[in-house]
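Reviewing the structure listed below.
The values are calculated or read from the model by the stated rules, or taken from the named source; none is laboratory data. It should be emphasised that the depicted structure is a prediction, and the values quoted were computed from it without experimental measurement. Every residue, glycine among them, receives a Cβ derived from its backbone with ideal geometry; neighbour counts consider all protein chains shown.
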Amino acid sequence: MVGRNGSSDKIDLLIYGPSRPILENGFPQEKFILHAAETRHDLERLTPATLQKMRGVAVTYHTVHADKAALALFPKLEIVASFGVGYDHVDSSYAREHNIVVTNTPDVLTEEVADVAMGLLIATLREFVKADRYLRSGQWSTQNYPLSAGSLRDRTVGIVGMGRIGQAIARRLEACRVPVVYHSRKPAQGVSHKHYAGLIEMAKAVDTLVVIVPGGAGTAKMINAEVMKALGPRGVIINVARGSVVDEPALITALKSGTILAAGLDVFEKEPNVPDELRAMQNVVLLPHIGSASVVTRNAMDQLVVDNLKAWFAGKPPLTPVVETPVKGR
């Protein structure tokens, strides 16, 4: 097995983050040596000799940061295979400058996340969680549950981001006969829905936002107080992107004041910590970042991490390199 550095020895790989059986069992022992570091503290405890040998890193969750300081620990690093479609936790700029390939796991989670977005939207509008608590408390025996203020039937949904998952959400909304428009930096190829170049302009034209954009500096707090005010008192925000994309304090204020009606959140700014104010609200549905969290989908994501690493060290192009680190000459 010959890698980029010309060595014919076994290939040292690091599993950085929570342990995953498919990764642990996915690499033949005659070709690979696996190392593990579940936390940053574990990573920094690895010996310099071990760090020197590492040629590939599998980052197994978005809360584990493969930033410049972490990547700089590996002088022979060739590839970072990241678990998840978002990779804002990996310093792709540093990787590109140092000829390190970064991969992610798109496509295999698209439909799963779109399902959760749609379920979260309906649960938020029709108050499923609140109604469940109402029934369990015994109140239904004394009076019927109040009519829900929200419904899909009289809404227009603006999707913030129209990549693979955004388009899958749009297909579901179309099947429910819900009008869809979207905002992105430029019109998405092959998408017939109306495109808004300006987010505020779109927020004024709709009453529901479904947020599915990448995290990172470019999208930090893009759903801010101004957007919420434009959305209006019937407004609903569904976030299945990254917690950093929504200004969390502004959202809490908007929900308390009636600036918007409700929110459904699968992601939060400082996971797994969720503000007590959100936890106490009745007009918010909260999920513990489960967008792709089914056995079948997470297994497929794990397998794609393995397949990217194995392809690279077999001298082939990785299956899903990110745009910042394109692969040439393989």
Given the structure, is residue 230 outside the structural domain of residue 163 (by TED's automatic domain parsing) and modelled with pLDDT of 95 or more?
no
Checking the structure you have, find out if any residue of the range 240-261 is within 26 Å of residue 175 (Cα to Cα), of a type outside the set (Ser, Thr, Tyr) and not in a loop (DSSP other than H, G, I, E, B).
no
The range 240-288: number of residues that are in contact with an Asp or Glu (Cβ under 6 Å, 6 or more places away or on another chain) and either among the aliphatic types (A, V, I, L, M) or not assigned by TED's automatic domain parsing to the domain that holds residue 158 (or both):
3
Being touching a helix residue (DSSP H, G or I) at 6+ places or on another chain (Cβ under 6 Å) and closer than 21 Å to residue 59 by Cβ, is that true of even one residue in the range 273-291?
yes
Residue that is nearest to residue 231 (Cα to Cα) [pool: residues in the range 155-174 that are touching a helix residue (DSSP H, G or I) at 6+ places or on another chain (Cβ under 6 Å) and part of a helix (DSSP H, G or I)]:
169
Looking at (1) in contact (Cβ under 8 Å) with a residue 12 or more places away in the chain; (2) part of a helix (DSSP H, G or I); (3) under 24 Å from the mean Cα position of the chain (by Cα); (4) farther than 16 Å from residue 282 by Cα, which is the one condition that is false for residue 204?
(3)
Which numbered condition trips up residue 319, out of (1) within 16 Å of residue 238 (Cβ to Cβ); (2) touching a strand residue (DSSP E or B) at 6+ places or on another chain (Cβ under 9 Å); (3) part of a loop (DSSP other than H, G, I, E, B)?
(1)
Residue 164: touching a strand residue (DSSP E or B) at 6+ places or on another chain (Cβ under 7 Å), of a type in the set (D, E, K, R) and in contact (Cβ under 8 Å) with a residue 12 or more places away in the chain, yes or no?
no
